[in-house]
1. Under the 0.36 nm per residue contour assumption, what length would be gained going from the current alpha-carbon distance of ASP26 and ASP176 to full extension?
2. Which residues does a label at ASP156 reach in the stretch 112-139, if reach means a backbone N under 20 Å from a point 7 Å past the Cα toward the Cβ?
3. Of LYS16/LYS102; LYS16/LYS181; LYS51/LYS181; LYS53/LYS167, which ones are farther than 23 Å apart at the Cα?
4. Could you list the trypsin sites (Lys or Arg not before Pro) in the stretch 92-169 that lie in coil according to DSSP, counting only those with at most 12 other Cβ atoms within 10 Å of their Cβ?
5. Using 0.36 nm times the number of residues separating ARG197 and GLU105, minus their current alpha carbon distance, what extension gain do you get?
6. Apply the Kirkwood formula to the chain: the hydrodynamic radius equals the inverse of the mean of 1/r over all pairs of different alpha-carbon atoms; give it in Å with one decimal.
7. When a/c reaches 1.5 or more, the comparison of a/b and b/c decides; with that in mind, is the stretch 1-127 rounded, prolate or oblate per its Cα gyration tensor?
8. Rounded to a whole number, what % of the accessible area of the stretch 48-205 do carbon and sulfur atoms account for, probe 1.4 Å?
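The values are calculated or read from the model by the stated rules, or taken from the named source; none is laboratory data. Keep in mind it's a predicted model, so treat the numbers as computed, not measured. We place every Cβ from the backbone using ideal geometry, glycine too, and count neighbours over all the protein chains shown. Note: areas computed on protein heavy atoms with side chains; ligands, DNA, RNA excluded. Shrake-Rupley method; radii C 1.70, N 1.55, O 1.52, S 1.80 Å.
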Amino acid sequence: MSELNLVLLGPPGSGKGTQGERLREDLDLPYYATGDILREAVREQTDLGRKAKEYMDRGDLVPDEVIVGAIAERVDSTEAADGFILDGFPRTVPQAEALAAKLSELGRALSGVLLIDADDDEVVRRLGGRRTCVENGHVFHVEFNPPEREGVCDIDGSELAVRDDDKPEVIRHRLDTYHEKTEPLIDFYDHQSLLRRIDGAAPPDRVAAEVERTLATLKLEADEAI
Ligand SMILES: [Zn+2]
């Protein structure tokens with residue numbers, strides 16, 4: 001069987017996380033979210049974990065090469081022999097270049113990059129409408145999943161509030177960062193014919209079906225290339 005080495009891309013609120021969860025179950029491939037990988041490397045005290053911890057302890061950003069190294073430790077293990085799903089990294093072109101170089105050292109390469117896309121208005125509508133229970137973090141949505149009583153959690157009766165992350169100005173800022181840093185990555189992968197665009201504005205089941213079709217095609221292409 002050929003390996004399926006995937007990167008998930010998409011703006012915040014595109015449903016990328018939801019699709020990633022499904023993929024992890026459907027494909028039975030390890031799912032690497034950058035934050036988790038770093039935390040695990042730190043916990044397991046690998047060489048890179050110790051290095052990453054030095055930066056984290058100082059409150060500094062962990063440099064790209066340390067992150068790529070931590071990802072490589074995982075990719076190069078038996079759990080990822082059939083492939084992996086990477087989410088949250090790369091976010092910039094230099095990171096993508098560092099990742100490609102590292103994978104190539106390991107005799108691997110990406111099979112495809114799935115872009116779960118959504119335009120800014122849709123993102124603002126989705127994230128801006130979220131209401132989170134202040135006590136227990138239950139999440140509602142004014143439009144898609146409204147609570148029975150406005151401003152009150154159905155489950156425990158606690159107050160519902162807009163999380164800082166979901167405030168309009170914060171969403172706009174996250175989108176600005178995405179457009180500035182991550183969008184060039186879309187072209188980067190498109191030029192390498194790795195990019196597959198999926199409309200994240202459709203309902204989750206339709207998006208999942210589209211992802212499935214796209215992956216079937218990718219697998220077919222990978223098998224033919226052997
Ligand atoms: Zn609650």
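1. So the extension gain works out to 50.7 nm.
2. Hits in the stretch 112-139 for ASP156 at 20 Å: 130-139.
3. Violating the 23 Å Cα-Cα cut-off are LYS16/LYS102; LYS51/LYS181; LYS53/LYS167.
4. ARG149
5. 30.3 nm
6. After inverting the pairwise mean of 1/r, the radius is 19.0 Å.
7. Oblate shape, in that a/c is at least 1.5 and b/c is the bigger or equal ratio.
8. Of all accessible area on the stretch 48-205, carbon and sulfur atoms account for 47 percent.
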